[in-house]
Every structure is written in C-alpha cells, then in structure tokens.
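First the structure, in the form of structure tokens, and then the observations on it.
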Ligand SMILES: Nc1ncnc2c1ncn2[C@@H]1O[C@H](COP(=O)(O)OP(=O)(O)OP(=O)(O)O)[C@@H](O)[C@H]1O
Ligand SMILES: [Mg+2]
C-alpha cells in the first residue's frame with residue numbers, strides 16, 4: 001500500500017523560474033534539430049504547409065516557422081507555452097510526433113532568448129504570447145507577455161482560416177556579434193541555414209514524398225532526401241523483418257555500387273554527412289526520422305560497409321522502451337532486441353561488403369583462368385595430413401625461376417606465407433581428426449634436415465662455439481628439435 005504522507009509537515013519548493021528556464025537551454029539541440037522539433041508540432045497539428053523563413057539582420061536576425069495547421073485558441077496556446085504542457089506518460093494519438101510537452105520551449109530556448117507564438121484556430125480570434133528569458137529572469141516568475149514583435153504576422157494569420165507562427169528573436173546562439181556590414185557573417189549564416197534545410201529534407205522525407213506536407217525554406221520547396229535510393233537499379237532490398245509482435249519493422253538495404261548509378265545520384269545519396277557516416281540504422285518514429293545512420297554501438301562505421309542502410313520503423317507507443325529523447329534525435333533499442341538487430345544487420349552488412357567489392361570481383365571473373373591459385377595446399381602423405389606451399393603459385397614460381405633471389409623477394413615471400421596460413425582449414429581438420437596431423441618431415445626424405453643441420457653446425461663452429469654448444473643450440477631450433485637422432489652423425 002502507498003504510504004500516506006498527508007499527516008506530515010510540507011513546504012512548497014517550486015522550481016525557480018530564472019534558473020530553470022536557463023537550464024532548458026542546455027538540452028543539447030543544435031539549430032537543425034531545434035527547427036525540426038518545431039516542425040514536428042506543425043505536422044502533429046495536421047498542417048499541409050510549413051514555411052520556414054529567416055530575415056538576415058545581423059544580430060537582430062529572426063526566424064519564423066509558420067504552418068496552416070489547426071491552430072490554438074488562447075487557453076490552448078497558454079497551455080502549449082507552459083513547460084510540461086503534457087504528461088509524457090499520456091497516451092498519444094497514433095500520428096502525434098510529440099511526447100514530452102516540452103519540445104516547443106526547449107527547442108526554441110536552445111537557440112533564442114525570445115519566443116513568440118501566434119495562433120489562429122477556426123472560430124476564434126488569433127492570439128499571441130511571448131516568452132522572454134530576460135524578463136523571466138528579472139521578475140523571477142513564469143510569466144508570458146502579451147506581445148508580438150511584428151503586426152504583420154498577426155495580419156497574416158487573420159487572413160487564413162487557421163495556423164500558427166513561431167518566432168525566434170534574439171538568436172544569441174547563432175548570430176550574436178554578427179552584423180549586416182560583414183559579408184563573412186552572412187556567408188556563415190547562410191551555410192548554417194543550408195544545413196537546416198538539408199536536415200529537414202532528410203528528417204521529414206517520407207512526409208514530403210507522400211505529399212503529406214510541403215515544407216518551404218525561404219519560399220523554396222524543400223526536396224526530400226531518401227536514404228535508400230528506392231527505385232534505383234542495383235538496389236538490394238531485404239525482406240521486412242517484423243519484431244516485437246510486428247510493432248517494429250526492420251528493412252535492410254544494400255545500396256547500389258557506385259558503378260551502377262549516375263555520378264549525380266551517387267553524390268546525392270551520400271547525404272548530409274557523407275557516405276561513410278550515413279551507414280547504419282535509420283530509426284523512424286511515426287514516419288519521422290530520429291536517427292540517421294548509426295550502428296547503435298553494435299559495430300563501427302567502416303568504409304566497406306558504407307552501402308548498408310537499415311530502416312527501423314517504430315510507433316510512438318514504444319517511446320519508453322526505445323528511450324526516445326526530448327530532442328527526437330536519440331533512440332536506444334531495448335536490451336531484448338539487440339541480438340535480433342545485430343543478426344539482421346549482420347546479413348545486410350555482409351551483402352554490402354559483397355557489393356562494395358563488386359568491381360574487383362567482376363575483373364576477377366573476366367580475366368581469371370579456370371584455375372585458382374592458393375598459396376597453401378592441403379596434402380595427405382602416408383595417411384597423414386600436411387600443408388605445403390604451392391610451388392605452382394605464380395608468385396612463388398616467379399621467384400624460384402630467378403637467377404638471383406633478392407632479399408626483398410624473400411621478405412615478401414615470408415610475409416605472404418605468414419599472412420595466408422590457412423588457419424580456419426587447419427582448425428576444422430584438427431578438430432575433426434587430430435590423430436592424422438603429420439609431424440614436420442614425417443614420411444619424406446630427411447636429407448634436407450641433415451644438410452641444414454650440418455650448415456648450421458659449421459657456421460656455429462666458425463663463430464667459435466664448442467662442439468657441445470653448437471649441437472645444443474641446434475637442438476633448440478625448430479624443426480631440428482624433432483630429430484635429435486641426427487645430431488651425432490653431424491661431424
Ligand atoms: N504549431 C502548432 N499547432 C498547434 N498546436 C501546437 C503547435 N505547436 C505546439 N502545439 C501544442 O502545444 C503542445 C506543446 O508542444 P511541445 O512541442 O512543447 O510538446 P509536445 O509536442 O506535446 O511534446 P514534445 O516535447 O515531445 O515535443 C503540443 O502538444 C500541441 O498541443
Ligand atoms: Mg513537440
């Protein structure tokens with residue numbers, strides 16, 4: 001039973017407005033994830049169009065996100081602007097992109113010190129409220145201000161049946177200290193904006209592709225960026241893999257080899273962060289992309305896996321299990337699913353390597369004769385198993401046919417031998433039939449051992465060793481150690 005605390009003394013300890021609101025700034029958004037979080041709200045409010053605009057005015061630059069969604073009345077707007085508008089535990093509409101009741105505030109405050117929201121709901125008058133961080137700091141209270149920086153926005157809303165405008169003023173994280181006089185500042189700012197635009201095209205690509213929404217950036221439509229090159233020749237899709245009773249769907253893709261697609265397609269497909277970075281899982285929550293290319297701690301990103309991209313689709317009912325964060329940029333698979341994810345990813349990754357090596361393989365097929373040359377051969381001699389270097393191997397043959405073998409040839413040869421020891425074959429054979437593994441020189445002429453022993457002996461004696469010392473040393477050298485019987489016949 002729950003303990004009853006009503007008989008105890010209590011005291012109010014409200015969060016302090018000024019410090020709390022500054023804390024909201026530190027959740028770890030960047031400009032693009034922050035804007036995406038605001039656009040999430042527009043989509044959840046059934047907007048058909050969202051316009052993202054900025055006005056470059058140096059440190060007075062401001063940014064707006066306007067939508068033609070359902071809008072809010074006064075009461076709803078005030079509630080929307082309250083930190084913690086909704087309980088994260090609350091069940092959400094199937095298509096809702098929200099979870100925490102915080103995004104609008106945390107995303108905005110991460111980038112600006114003043115947030116104004118104007119909204120127009122059908123059959124209500126347009127309304128507006130403003131958060132100003134300095135004002136909250138000054139009065140030490142969570143108080144909204146009935147203020148809008150620009151009447152134009154209000155007029156704009158009045159002329160439409162419903163919608164919302166979010167305005168970010170005092171963008172101290174992006175434009176502080178910049179000026180319209182300085183062209184470099186503008187260049188830098190435009191670069192940052194370009195990143196935002198590409199990010200939106202990626203995060204909301206499904207909505208754009210399915211014509212569920214039009215996103216405009218400075219009046220220009222944002223193009224969708226699809227990570228999977230759907231419809232391209234040479235794309236290898238894997239079958240859907242339903243997990244968690246079908247609530248989660250995985251689908252692997254191996255993207256086409258560079259040689260199969262146009263240069264332009266290849267360049268576009270590399271995505272915002274480049275081919276290598278964009279490999280991995282793509283996690284969608286209600287069709288909205290949260291994670292764009294991450295192996296979720298299971299594997300490292302490596303060049304030869306760069307064609308592997310795996311889509312994971314989640315419903316918002318699994319937010320808790322997948323540890324969705326406020327920024328909507330992190331998701332962590334539940335422990336119980338990790339093995340399955342790893343297995344499926346393993347298959348896609350192996351296929352991706354195959355495709356990656358495609359060019360070399362085609363050449364191999366085209367130019368190779370029937371014969372394949374291994375460096376090592378497995379042989380059976382008098383019922384025992386041995387491994388020998390293949391003297392028909394073109395490289396070995398070449399060396400042996402030379403009049404003078406150079407030192408570097410020998411070094412290369414030794415390296416080849418070391419690097420190609422047929423370890424897996426040996427391991428399998430050894431576990432199947434350990435008894436038939438032959439000893440060195442078992443069943444063949446031992447003359448080469450005796451000759452080598454003798455050479456070794458002579459050189460040791462020449463270096464001043466005694467007869468006993470020389471013999472002792474020889475017997476501690478592989479493979480002489482196996483044949484001590486020859487030591488006495490050495491001299
Ligand atoms: N553009 C909008 N149009 C209509 N309603 C909106 C809009 N933006 C926000 N709201 C309302 O404000 C609420 C709070 O938004 P906020 O982004 O802070 O939290 P959330 O979307 O509920 O959850 P999350 O923290 O996961 O984003 C939303 O639930 C929604 O009801
Ligand atoms: Mg939200």
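Rule-based calculations on the coordinates, nothing more; no lab input. Please read all numbers here as calculations on a predicted model, not as lab measurements. Positions of Cβ are generated from backbone atoms using ideal geometry, with glycine treated the same way; all protein chains shown enter the neighbour counts.
Tell me the angle of helix 183-203 to the major Cα principal axis of the chain, expressed in degrees between 0 and 90 and rounded to the nearest ten.
For 183-203 against the chain, the angle is about 80 degrees.
Go ahead and estimate [θ] at 222 nm for the chain from helices alone: -39,500 (n - 2.57) per DSSP H run with n ≥ 4, summed, over the residue count, rounded to 500.
Details: 17 runs with 174 residues, N = 491.
For the chain, the value works out to -10500 deg cm²/dmol.
If contacts are Cα pairs under 8 angstrom and at least 6 residues apart, what is the relative contact order of the stretch 447-490 in percent? List each step's numbers first, then the result.
On the way: 21 pairs, mean separation 20.3, N = 44.
The value is 46 percent.
Please give the contour-minus-distance gain from residue 473 to residue 301: 0.36 nm per residue of separation, less the Cα-Cα distance, rounded to one decimal in nm.
On the way: separation 172, 0.36 × 172 = 61.92 nm, distance 4.96 nm.
Here the segment from residue 473 to residue 301 would lengthen by 57.0 nm.
Compute the angle between helix 407-419 and the longest alpha-carbon principal axis of the chain, please, reported from 0 to 90 degrees and rounded to the nearest 10.
Helix 407-419 and the main axis of the chain meet at about 60 degrees.
Name the residues of the stretch 256-278 whose amide N is less than 20 Å from a point 7 angstrom out from the Cα of residue 354 along the C-beta direction?
Those under the cut-off are 256-261.
For the residue pair residue 421 and residue 74, what label-to-label distance in nm results when each label sits 7 Å from Cα along the Cα-to-beta-carbon direction?
Output for this residue pair reads 8.4 nm.
With 10 angstrom as the radius, rank 108, 431, 119, 44 by how many other C-beta atoms surround their C-beta, starting from the fewest.
Fewest to most other Cβ atoms nearby, the residues stand as 431, 44, 119, 108.
Got a sec? How would 5, 305, 266 order by Cβ neighbour count within 10 Å, fewest to most?
Values: 5 8, 305 22, 266 18.
Lowest count first: 5, 266, 305.
log10 I(q)/I(0), Debye, Cα-only the chain, no solvent, q = 0.05, 0.07, 0.08, 0.09 Å⁻¹?
-0.38, -0.60, -0.69, -0.78
Please give the peptides 334-343, 418-427 ranked by average Cβ packing (other Cβ atoms within 10 Å per residue), highest first, as a rough proxy for protection.
Working: 334-343: 13.4, 418-427: 11.0.
Highest-to-lowest ranking by the protection proxy: 334-343, 418-427.
Note down the relative contact order for the chain as a percent, whole number, built from C-alpha pairs under 8 angstrom at least six residues apart.
Reported as a whole number, the value is 12 percent.
Please report the relative contact order for the stretch 236-361, taking Cα pairs under 8 Å with a sequence separation of at least 6, and give it as a percent rounded to a whole number.
Worked out over the stretch 236-361, it gives 27 percent.
Relative to the longest principal Cα axis of the chain, at what angle does helix 338-356 sit, 0 to 90 degrees, rounded to 10?
Long axis of 338-356 versus the principal axis of the chain: about 70 degrees.
Between residue 122 and residue 462, what is the label-point separation in nm under the 7 Å Cα-to-beta-carbon projection?
A separation of 10.4 nm, rounded to one decimal place.
Given a Förster radius of 51 Å and the C-beta distance between residue 219 and residue 402 as r, what FRET efficiency does 1/(1 + (r/R0)^6) yield to the nearest 0.05?
On the way: r = 73 Å, r/R0 = 1.42.
That gives a FRET efficiency of 0.10.
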